[in-house]
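Here's the structure, in structure tokens; my notes come after.
The values are calculated or read from the model by the stated rules, or taken from the named source; none is laboratory data. This one's a predicted model, so the numbers in the text were calculated from it and none came from an experiment. Heads up, the Cβs are rebuilt from the backbone with ideal geometry, glycines too, and the neighbour counts pull from every protein chain shown.
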Ligand code: UT7
């Protein structure tokens, strides 16, 4: 048995400002009933002036470090997944690096949208198993609220997303039979559908400049989505990759104690659970309170499960995501 990676601490943070469906209905032609029925969302959090992604990432990271019984100085690397960076460059991870006051350890951002956290966890797992790193901070962090179209034109996307951050500390450990650790991670992508859910401007694909008044007038600086198409692919790919990952770990669905699904739409997750005959009580959700926080959704849900003791030592937890890219992924861990 060699080196393997385990999560030793989790943390999350959301802005204080609660935005209910009724609050959104004052800005656009929508209703609490429509949003709740189609998505399961009741409210989400939005940042207020002066509150930025790195604030959320820092608070979540400090909680994760505290839970792991570690100081920032114990880290030897940071991987941060986001689709809504603090600035175009450098990555949000560099601003977090500064806030945490760490030494000259490496950090970088990873861009795989709603699958970003599981992609980052796979990277951390590989880094640790290779022996190159011993203790990494993996963060998912999003501020969507300042990038969405909060008018009727953007309502299909705007009602879905919320702001938040989740973080975990991943550490090297000697592998023990039935000991805690990351058992398997499987990642997939299909760039062919990159434009089915995307935000094109500002972008280096535009010439001679990345953003123009015309692009803004055409509202191309807001995300656009073919919702039904995304929904259809999500409900196929999520069960597929979940089973592939369990199979790679020689596990069966019945072995898993808790299923953490990306929180894009409660209907997607209910459909996936139903297809796999997973009882609802094994699929906790927080979408009703936080909406879709993209790369932050899974680590936020994990932190809630750990702190509420819904996830206990020795149990098996499966995490599965689907999102823009398209990207989809699954991981299975013994806690
Ligand atoms: O995390 C990344 C992955 N993202 C996802 O997984 C999202 C996947 N997609 C979905 O969750 C769903 O497609 C939505 C919740 C976004 C939309 O639900 P839908 O049942 O697919 O609705 P639709 O887009 O087909 O629209 C149905 C109707 C349309 O009106 P008409 O054309 O029937 O008159 C929309 O204009 O609902 C209208 N509509 C709304 N009405 C009130 C769209 N958005 C809204 C809204 N409020 N916010």
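Which residues, taken from segment 21-32, are near the ligand (Cβ under 9 Å from one of its atoms) and surrounded by fewer than 16 Cβ atoms within 10 Å (Cβ to Cβ)?
Once the filter is applied, which keeps residues that are near the ligand (Cβ under 9 Å from one of its atoms) and surrounded by fewer than 16 Cβ atoms within 10 Å (Cβ to Cβ), segment 21-32 yields 28, 29, 31.
Return the residues of segment 201-229 that are free of Cβ contacts under 8 Å to residues at least 60 places away in the same chain and within 16 Å of the ligand (Cβ to nearest atom); say none if nothing qualifies.
226, 228, 229
Whether any residue in segment 288-299 is away from the ligand (no atom under 16 Å from the Cβ), on the phi > 0 side of the Ramachandran plot and surrounded by fewer than 20 Cβ atoms within 10 Å (Cβ to Cβ) is what I want to check. Don't jump to the end; show me each part of the working.
First pass over segment 288-299, keeping only residues away from the ligand (no atom under 16 Å from the Cβ): 289.
Filter again for on the phi > 0 side of the Ramachandran plot, leaving none.
No - not one qualifying residue is present in segment 288-299.
Out of all the residues in segment 237-252, which are farther than 22 Å from residue 83 by Cβ and either out of contact with any helix residue (DSSP H, G or I) (no Cβ under 6 Å at 6 or more places or on another chain) or not assigned by TED's automatic domain parsing to the domain that holds residue 188 (or both)?
Going residue by residue through segment 237-252, those that are farther than 22 Å from residue 83 by Cβ are 239-240, 242-252.
Listed by number, the residues that qualify are 240, 242, 243, 244, 245, 246, 247, 248, 249, 250, 251, 252.
Just to be sure, is residue 89 more than 16 Å from the ligand (Cβ to nearest atom) and not assigned by TED's automatic domain parsing to the domain that holds residue 260? Steps first, please.
Values: more than 16 Å from the ligand (Cβ to nearest atom): yes; not assigned by TED's automatic domain parsing to the domain that holds residue 260: yes.
In short, yes.
Given (1) closer than 23 Å to residue 82 by Cβ; (2) away from the ligand (no atom under 16 Å from the Cβ), where does residue 259 come up short, assuming only one miss?
Exception for residue 259: condition (1).
So residue 196 passes all but one of these: (1) more than 19 Å from residue 112 (Cβ to Cβ); (2) in contact with a helix residue (DSSP H, G or I) (Cβ under 7 Å, 6 or more places away or on another chain). Which condition number does it fail?
(1)
Quick check on my filter: what residues within segment 64-83 are part of a loop (DSSP other than H, G, I, E, B) and in contact with a strand residue (DSSP E or B) (Cβ under 8 Å, 6 or more places away or on another chain)? Reasoning before the result, please.
Filtering segment 64-83 for residues part of a loop (DSSP other than H, G, I, E, B) gives 69-71, 75-76, 82-83.
Selection gives 69, 70, 75, 76, 82, 83.
Which of (1) in a loop (DSSP other than H, G, I, E, B); (2) touching a strand residue (DSSP E or B) at 6+ places or on another chain (Cβ under 6 Å) is the odd one out, the single condition residue 51 does not satisfy?
With (1) in a loop (DSSP other than H, G, I, E, B); (2) touching a strand residue (DSSP E or B) at 6+ places or on another chain (Cβ under 6 Å) applied to residue 51, the lone miss is (2).
Does residue 61 satisfy being part of a helix (DSSP H, G or I), in contact with a helix residue (DSSP H, G or I) (Cβ under 7 Å, 6 or more places away or on another chain) and within 22 Å of residue 172 (Cα to Cα)? Explain how you work it out, then say what you get.
Details: part of a helix (DSSP H, G or I): yes; in contact with a helix residue (DSSP H, G or I) (Cβ under 7 Å, 6 or more places away or on another chain): yes; within 22 Å of residue 172 (Cα to Cα): yes.
The answer is yes for residue 61.
Could you check segment 52-106 and list, in sequence order, the residues that are under 20 Å from residue 134 (Cβ atoms) and surrounded by fewer than 16 Cβ atoms within 10 Å (Cβ to Cβ)?
66, 69, 71, 73, 74, 101, 103, 104, 106
For residue 247, only one of the following conditions fails: (1) farther than 22 Å from residue 171 by Cα; (2) within 14 Å of the ligand (Cβ to nearest atom). What is its number?
Every listed condition holds for residue 247 apart from (2).
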